[in-house]
Amino acid sequence: MPGLEDAVTLTTSALWGGLIVFLRVGAAMSVLPALGEQMLSVRVKLVLALVLTSVVAPAVLPRIDLPEPGMGSLVAAAVTETLSGLFLGIMLRLFVLAIQTAGSIAAQSTSLAQIFGSQGMDPLPAVGHILTISALALLMATGFHVKAAAYLVLSYDILPPLMFPDPAAVADAGRERIGQSFALGFSLAAPFVILSVLYNLTLGVINKAMPQLMVAFVGAPVITLGSIAMLLLCAPIILTVWLEALEGFLANPFR
């Protein structure tokens with residue numbers, strides 16, 4: 001029956017193309033911010049990857065020259081598309097590392113580093129957990145799932161499908177993004193570093209003027225209260241700057 005054969009051929013082609021797209025989307029999903037967090041179960045990640053594949057596939061399949069289905073083509077697609085997906089996901093994951101770095105620097109600069117330091121999936125201090133969870137919540141509230149789908153669709157213009165990423169280009173992009181990540185993290189933690197410097201200078205002056213005074217007992221409550229107040233005042237600004245940096249990258253990735 002010609003009609004049945006055409007339907008089977010069309011279904012096979014759609015499933016084969018969807019599988020190739022899923023390889024890239026699934027690899028990226030494993031490390032994407034918010035959508036690929038360790039706190040999410042594997043089943044939830046799989047469902048999210050399938051849903052995102054169903055969104056990305058119709059936009060990119062007309063531009064992909066699909067090879068004939070076969071074991072060799074599947075292995076080649078698994079290697080190339082998985083590497084591309086991991087690279088794309090890591091580029092966004094570095095923004096989460098930036099906010100975590102900012103929280104760690106802020107906590108180490110003040111007296112909050114050891115408060116609930118081992119809670120959660122990542123060994124972060126309390127300030128790091130507060131900033132990270134708040135950043136992820138803000139990211140999802142601003143429609144990150146839509147931006148992630150657009151980012152993956154655009155990735156097929158940057159990283160051609162079924163081809164190995166250029167090692168030199170990947171190395172250059174990775175080095176630049178890592179440097180920007182650390183710079184962003186330190187910039188976000190700058191208010192806490194400045195507070196710590198002023199605190200230690202003040203304690204030094206007081207200790208010089210009154211050597212008999214136990215300045216540590218006086219200064220510890222002050223720096224703790226000051227750090228919490230600084231977090232209350234600066235957290236909205238920190239999260240806004242972080243979100244603008246991530247959205248700027250999504251708007252023009254790998255420029």
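Say we look at segment 75-134 and pick out the residues that are aromatic (Phe, Trp, Tyr) and modelled with pLDDT of 90 or more; which of these is farthest from the chain's Cα centre (by Cα)?
Selected residue: Phe87.
What's the number of the condition Pro62 fails, among (1) part of a helix (DSSP H, G or I); (2) touching a helix residue (DSSP H, G or I) at 6+ places or on another chain (Cβ under 9 Å); (3) at pLDDT below 90?
(2)
Would it be correct to say that Asn252 is loosely packed, with under 12 Cβ neighbours inside 10 Å and either more than 20 Å from the chain's Cα centre (by Cα) or without any contact (Cβ under 8 Å) to a residue 60 or more places away in the chain (or both)?
On the way: loosely packed, with under 12 Cβ neighbours inside 10 Å: yes; either more than 20 Å from the chain's Cα centre (by Cα) or without any contact (Cβ under 8 Å) to a residue 60 or more places away in the chain (or both): yes.
Here the answer is yes, as Asn252 does meet what is asked.
So which of Ser187, Ser155 ends up being under 30 Å from Pro67 (Cα atoms) and within 23 Å of the chain's Cα centre (by Cα)?
None of the other options fit; the residue is Ser155.
Here is a yes/no grid of residues against (1) at pLDDT below 85; (2) buried (at least 18 other Cβ atoms within 10 Å of the Cβ):
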position: Ala190; (1), (2): no, no
position: Leu195; (1), (2): no, yes
position: Tyr199; (1), (2): yes, yes
position: Lys208; (1), (2): yes, no
position: Pro221; (1), (2): yes, no
position: Thr224; (1), (2): yes, no
position: Ser227; (1), (2): yes, yes
position: Val241; (1), (2): no, no
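Taking only segment 38-59 into account, find how many residues are within 20 Å of Thr82 (Cβ to Cβ) and at pLDDT below 90.
3
Conditions first: (1) surrounded by 11 or more Cβ atoms within 10 Å (Cβ to Cβ); (2) at pLDDT below 85; (3) not in a loop (DSSP other than H, G, I, E, B). Pro69 passes all but one, so which condition is the exception?
(3)
Would you be able to say whether some residue in segment 137-151 is within 20 Å of the chain's Cα centre (by Cα), farther than 30 Å from Leu83 by Cβ and loosely packed, with under 13 Cβ neighbours inside 10 Å?
Yes, there is a match, as at least one residue in segment 137-151 is within 20 Å of the chain's Cα centre (by Cα), farther than 30 Å from Leu83 by Cβ and loosely packed, with under 13 Cβ neighbours inside 10 Å.
For segment 45-74, which residues satisfy the criterion of being under 26 Å from the mean Cα position of the chain (by Cα) and among the polar types (S, T, N, Q)?
First pass over segment 45-74, keeping only residues under 26 Å from the mean Cα position of the chain (by Cα): 45-60.
Within segment 45-74, Thr53, Ser54 meet the criteria.
For segment 36-56, enumerate the residues that are part of a helix (DSSP H, G or I), over 20 Å from Met91 (Cα atoms) and of a type in the set (Ser, Thr, Tyr).
The answer is Ser54, and nothing else.
The values are calculated or read from the model by the stated rules, or taken from the named source; none is laboratory data. Being a predicted model, the structure only gives us computed values, none of them experimental. Please note: Cβ atoms are built from the backbone with ideal geometry, for glycine as well, and neighbour counts cover all protein chains shown.
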